[in-house]
1. So if I check each of A:S236, A:S248, which one is under 37 Å from the mean Cα position of the chain (by Cα) and surrounded by fewer than 22 Cβ atoms within 10 Å (Cβ to Cβ)?
2. Test of understanding: among B:Y482, B:Y489, B:Y524, which residue is closer than 25 Å to B:R395 by Cβ, outside any loop (DSSP other than H, G, I, E, B), of a type in the set (F, W, Y) and open to solvent by less than 30 Å² (accessible area, probe 1.4 Å)?
3. Filter the stretch A:198-228 down to the residues that are over 28 Å from the mean Cα position of the chain (by Cα) and surrounded by fewer than 18 Cβ atoms within 10 Å (Cβ to Cβ), then identify the one that is modelled with the lowest pLDDT.
4. Looking at B:K279, is it open to solvent by 30 Å² or more (accessible area, probe 1.4 Å), closer than 26 Å to A:A50 by Cβ and assigned by TED's automatic domain parsing to the domain that holds B:G160?
5. Suppose we filter the stretch B:265-318 for residues that are aliphatic (A, V, I, L, M), under 30 Å from B:K213 (Cα atoms) and touching a residue at least 24 places away in the same chain (Cβ under 8 Å); how many remain?
6. Of the conditions (1) at pLDDT 95 or above; (2) part of a strand (DSSP E or B); (3) surrounded by fewer than 17 Cβ atoms within 10 Å (Cβ to Cβ); (4) within 14 Å of another protein chain (Cβ to nearest Cβ), B:F175 clears all except one; give me its number.
7. Output yes when any residue across the stretch B:626-636 is assigned to a loop (DSSP other than H, G, I, E, B) and surrounded by 17 or more Cβ atoms within 10 Å (Cβ to Cβ), and no when none is.
8. Quick one: would you say B:M385 is modelled with pLDDT of 95 or more, open to solvent by less than 30 Å² (accessible area, probe 1.4 Å), of a type in the set (A, V, I, L, M) and farther than 18 Å from B:L733 by Cβ?
There are 2 protein chains.
Amino acid sequence: MQNLKNLLSGPEWLVEENGFDVDRINFYETIFTVGNGYLGTRGSLEEGHAAALQGTYLNGVYDHHQSFVVDLVNAPDWLDISVYIDGEKLSMQTCEILNFERTLDMKNGMLFRETRFQDSQGRITKYQSIRFAHMASPHVMETYVSITAENYSGVVTIEGAINANVLNLDVEPVFKTKTKFDPDVKWHKWAKSVHLDHVSGSLTNEGIYLEVKTKDRPHHIGYASSLKASKEGAISSKKIDHKYALQSLTVSIEQSETITFEKQVSIFTSRDVSKKDVKPSAVSLLSENSNDSFLTRFKTHQAAWNAKWDACEVIIEGDDAANHALKFNTYHLLITASPVDYHANIGAKSLSGEGYKGHVFWDTEIFMLPFYVFTQPETAKALMMYRYNTKEGARDYAQEDNHKGIRYPWESADTGHEVTPPWTSDGLVRIWTGERELHITSAVVFGLIYYYETTGDNDFLIDFAAEILFETARFWDSRLEYNNELDRYELTEVEGPDEFHELVNNSVYTNALTKWNLEKSAEYYTILKASNPNKLKILSDKISLQEHEIENWLDKAAKIYIPFDPDKSLIEEFEGYFNLKEVPITEWDENDMPIYPEGYHHDNCQETTLLKQPDVLMLTYILPSMFSDQVKKANYDYYEPRTMHKSSLSPCIHTIMGIEVGNYEKALQYFERSVYVDLVDNQGNTNTGMHIASAGGSWQAVVSGFGGMRLKGGKLTFKPWLPPSWTSISFKLKWQGDEVHVTLNHTKFVFLWKTEKSGKLDIEVKDSAVALPANQEMIVML
Amino acid sequence: MQNLKNLLSGPEWLVEENGFDVDRINFYETIFTVGNGYLGTRGSLEEGHAAALQGTYLNGVYDHHQSFVVDLVNAPDWLDISVYIDGEKLSMQTCEILNFERTLDMKNGMLFRETRFQDSQGRITKYQSIRFAHMASPHVMETYVSITAENYSGVVTIEGAINANVLNLDVEPVFKTKTKFDPDVKWHKWAKSVHLDHVSGSLTNEGIYLEVKTKDRPHHIGYASSLKASKEGAISSKKIDHKYALQSLTVSIEQSETITFEKQVSIFTSRDVSKKDVKPSAVSLLSENSNDSFLTRFKTHQAAWNAKWDACEVIIEGDDAANHALKFNTYHLLITASPVDYHANIGAKSLSGEGYKGHVFWDTEIFMLPFYVFTQPETAKALMMYRYNTKEGARDYAQEDNHKGIRYPWESADTGHEVTPPWTSDGLVRIWTGERELHITSAVVFGLIYYYETTGDNDFLIDFAAEILFETARFWDSRLEYNNELDRYELTEVEGPDEFHELVNNSVYTNALTKWNLEKSAEYYTILKASNPNKLKILSDKISLQEHEIENWLDKAAKIYIPFDPDKSLIEEFEGYFNLKEVPITEWDENDMPIYPEGYHHDNCQETTLLKQPDVLMLTYILPSMFSDQVKKANYDYYEPRTMHKSSLSPCIHTIMGIEVGNYEKALQYFERSVYVDLVDNQGNTNTGMHIASAGGSWQAVVSGFGGMRLKGGKLTFKPWLPPSWTSISFKLKWQGDEVHVTLNHTKFVFLWKTEKSGKLDIEVKDSAVALPANQEMIVML
């Protein structure tokens, strides 16, 4: 396997970088992340670069120590490979680069690179590499390097290292001071935090081993690494330093000869095995793997990826760019979530960067969960189990303010305690989201019920979800504020999803979801009382739940103030919103995203009706039966022009609701803003990680937007609309343990219910009932 | 030379570290700095350490780029040496340390280290090293390492690197926020700045070469390095990376065998030679040196150090600790200033650390210059030439505020422009020192005249000093504010040396020195008119100086308001000072330094009579003839109890003036605070560099305090007092091209004027005239 390019998939599966632009290095690092749910590793150059933001993140490995707030730890770098020709390093920074290309192969979950280096002595070396995080064997990371001496004979030295001298980014002060000395002085700099301490390093039969531990949390992290050459006679040397270990091979190379090298790293932490087993596990896995060839291992990895894509690929015919972009979003959803880790979730930037420090938001339940529920329910279950397993921190959080039950934190890391920073890192601006975005708690409940209704996982409902349903209801019960004068319950000084407006009263989104949470909790109590009274009794005893509490939830839910007058169409985002200053948006940037009106910015939009993202449209989407079509349309028409989309969560909702209300032009425009968010970097910060919620939102934009799919009354329902230039879309949905295959074109749906059940599957298409037969295609003309 | 310990001098010359304490690592890095005026290199471990603040500073090499303000650049590390035994690194962080000792040998200007490492395999290795910056050949840095395999036979690999992947420390935000999430969260972190870009790297006959350049300034910096083993048959390997180059030697070692290695690095910059000659100069110097043995080169270095000590050693008999501490201060003064570099000066932390970013303050003229003038006038000249060579930046500075002449910047780097940060690095606190500590300008003039009066260097006076004398007078002329009502000149909203009080009116120190500056400038005009009318004419034409300006200076000087009523004894530090709140100091720390009274700190002492350092006592010291003995005593008694000494510049002045006013007990107490400031770290920040002004002040405390030496009317005068427990002090003073040797005990002075002149030297002892004969000891009984 001398030309690694031969491993690449067809062009619809590739994301390419041609030519090296140092200003784009951090952007490509993010989008070229490889991973397997166990870890993510940014697409940094193997040999390092001064401008790199290198990062490997092990899912669930957090640490606090000297950071502003808890960090998803930048784990030791397993990529580190340097190649020297007669002592001179092949480096993007010192050699002439005759060509440079990299290709992310999404189908194979691997990154390919080819670089031709001309060094100071005129030697030309062709360097190819592929790297991947093994999808079938998640503790294994592989790099395969091919070196060709184009115009010389000489000596090649390759060094494969494990480098734990890595840092997390931390505060990012941006200073801007005008003085007579430096009229334009401006800083934008990264401070960094150390999270890793040395534990041990040693030489092994296969190569080297290094173990470190996090500073405050008890995680031990062990990496074993081996390096092999295709050519006999290489001189091997190994060395172990404090937080660095290195193995090198030196071998002669003749003109036109190609030599290949494989570096394999196995990773275990004390989250995976007991502390004392970290080293034996890592070392023995490498040892076992050494019996197989690289190609054998690669094929196992490839097979695992094929199975993933088979479950979740969405095909858009007639729009290659959109088809490609959706695959790109799906690729990143596939590499970041684990089906087996019940204590980890998905940070706002996935495992592709340090933005938001790996913290978990409502993004999981509201934006990403539908993708996982409908394509990989076992991963969806793991994501929801994380909420179950962090519930004690969430319980503490409720108690801190003398409330009852469970209150989920706006930003969550490994314990369920709130990890939102209360101030910006420069200490200048108060951040209220942690304390006031109460709607995260109902979002978690939304996720639990969504998972349950889609999968029918009764064990999950009684064993895990029920406790959270009841305890969140108890939280709301204790948290709601009674307005004596008006005989209603309120929530004052809260923050809805629209973070431009802080400390508002009676956010309609928050209040409606609170009411819904209380009602759903009561409803499931009733359901469980009928279906599983014994287990409900055990749970009720465990949490001392009394029946009168349930009545109380319903009483309070009935009196929660929803600032919406059914006689009028417009829903007020919060009390007083309609009295705010109207400042029209009049300019859009080159990505068609709104520009702040002159004089306005994040911190003073509070005074205006401008939105960061649309609370009301969100509400009409996620509680679809609550409002009439006419209300949905009126509110879309009102709020859409006022929305700045300063959250990547905003455009996908505008696609879905745009289609629902018949504003197709806007819907398509927003689909582009959503599906290309990272490929074109339209939020301007892809360098610090993917907008992974937007990736989930883009999947929803296709399935629930163009496909018009909603869950209503426990049934799948569809109201499609296909862009005129598209030929068809097709996707698969896991449903109650079975599969529903869906293809849609301009004239018809084709459904296939794959099941071992007998009977029919009731669905709805355009408000009409349809019964799908088992294992037989059914055509529904539109 | 197998046991490097044999090279050490006698115990009075040694500063020792016994045992390794990671919490003290940065402290020892500072005090164990080696240097030669061309550079300083902190006493970091050769092999690195995670807690290190490693630093090499090339005098005069500044850069701005992303730092808050201009930095003295942390230059590439030449020390970097790692030793591996069968692949395992000898590291303080991973091996068991059987013993660890380091010794700074001040006489030989070198750092010795011995460490016995026991690695994970039980192998015990004795490691010794010495390092020095060559004093006779300032571009050469040497490290000599000896390795003994105590209980094994194996393979030793030694790596000698040049590492330009170094960073400057930068902003240091200290946050302290109490939240319910993190009740005790506290940050103290270092951000870092990159100043070096790669230029080239190459393999050379002797070893390796690496060249980098600063980002904004045009400095190229080239290092050539060679590594040699005492044992034949070592396998050599070299590699060059982007900002890193490495040479390694691998050789077998038998049990009980000792192998020695020498690493030599030569350094040139484009400040030394033209840009294109940087590499040839560095490479050829190493090549030439390779003809000499290490010991030969060491002896040349030693001889140069002996000559330095001969010129400036002060011997205190009867107090070994004080004698030793004064040598320590003198050592640091000797390694930081260059006699040949007319464009560099001494930063507030010398070349031993990054505190104050290598910026130059009044510390040079007021605190350190007397030491250099009296012991190494050529170095004193270089320091003053720096002021001449930065005068154009200082001229711009005056013009920026529409003033005339030359205004020196409070903090100065390479150009003479102001480099004081206008804000603290967190942007929260305004720093006024740069704009308002006007007295730096008269301090420069004080230095020029001090140098001239001591050396009689007439060429310097007319060729360099005169222009500054006249142009600073012009600055004051344009800067003084006329008070019409009171018919006087004032300076309002200024800051004196006491930085607790900002924006004060008519600071007595500032006004008195301004008056003195104007009068001296006029006086020297008259002197030069008589002694050197031709050159004065040329200078006057060059700067368009008119005779009437000089009259004007004297007119204004006569009307400068000095807030001192000769009928009263007390001098008011500034207008209104006596009305401030009295807050007594009642507690002292373990180093006998005052503790802020409850509720007070740096930022609110403004409201009180508490001082950071004593303006009035400074004034009575540096203009000794201005005030009567009675006034000096009254003010000492008044201000001393109100002084917090939050500047290391404060204690030495209290020694000197304490002796002058007869408060011997206080004087001795303050001498300890001054002379031990860094050895006992009594300011708590020696980790970021030496308090080098205090080192100069400690020399003055002995010579001008105990020796009672003052310059009055162009004559040396003495009024001694010796602590009862001391036997004697002796020192040498360079005087008008000759030398005066002085020994003082409790009963007499012994003077020796070494000269080729005829006649006698008129001095004063206790206000009586004494005429010293040439080259013959003279005893003056006390």
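1. Details: A:S236 fails: under 37 Å from the mean Cα position of the chain (by Cα).
Among A:S236, A:S248, only A:S248 is under 37 Å from the mean Cα position of the chain (by Cα) and surrounded by fewer than 22 Cβ atoms within 10 Å (Cβ to Cβ).
2. Values: B:Y482 fails: open to solvent by less than 30 Å² (accessible area, probe 1.4 Å); B:Y489 fails: open to solvent by less than 30 Å² (accessible area, probe 1.4 Å).
Exactly one residue qualifies, and that residue is B:Y524.
3. A:N205
4. Details: open to solvent by 30 Å² or more (accessible area, probe 1.4 Å): yes; closer than 26 Å to A:A50 by Cβ: yes; assigned by TED's automatic domain parsing to the domain that holds B:G160: yes.
Considered against the rule, which asks whether it is open to solvent by 30 Å² or more (accessible area, probe 1.4 Å), closer than 26 Å to A:A50 by Cβ and assigned by TED's automatic domain parsing to the domain that holds B:G160, B:K279 comes out as yes.
5. Within the stretch B:265-318, the subset aliphatic (A, V, I, L, M) is B:265, B:267, B:273, B:278, B:282-283, B:285-286, B:295, B:303-304, B:307, B:311, B:314-316.
Filter once more, keeping what is under 30 Å from B:K213 (Cα atoms): B:265, B:267, B:273, B:278, B:282-283, B:285-286.
Going one step further and asking which of them are touching a residue at least 24 places away in the same chain (Cβ under 8 Å), we end up with B:265, B:267, B:278, B:282-283, B:285-286.
Number of matching residues: 7.
6. For B:F175, the failing item is (1).
7. Residues of the stretch B:626-636 assigned to a loop (DSSP other than H, G, I, E, B): B:626-628.
Retained after the next criterion (residues that are surrounded by 17 or more Cβ atoms within 10 Å (Cβ to Cβ)): B:627.
So far as the stretch B:626-636 goes, yes, one or more of its residues are assigned to a loop (DSSP other than H, G, I, E, B) and surrounded by 17 or more Cβ atoms within 10 Å (Cβ to Cβ).
8. Details: modelled with pLDDT of 95 or more: yes; open to solvent by less than 30 Å² (accessible area, probe 1.4 Å): yes; of a type in the set (A, V, I, L, M): yes; farther than 18 Å from B:L733 by Cβ: yes.
So B:M385 passes the test.
The values are calculated or read from the model by the stated rules, or taken from the named source; none is laboratory data. Everything numeric here is computed off the predicted structure, so don't read it as measured data. We place every Cβ from the backbone using ideal geometry, glycine too, and count neighbours over all the protein chains shown. Ligands, DNA and RNA are stripped out before the accessible areas are found, and what is left, the full protein with its side chains, is counted by its heavy atoms. Shrake-Rupley method; radii C 1.70, N 1.55, O 1.52, S 1.80 Å.
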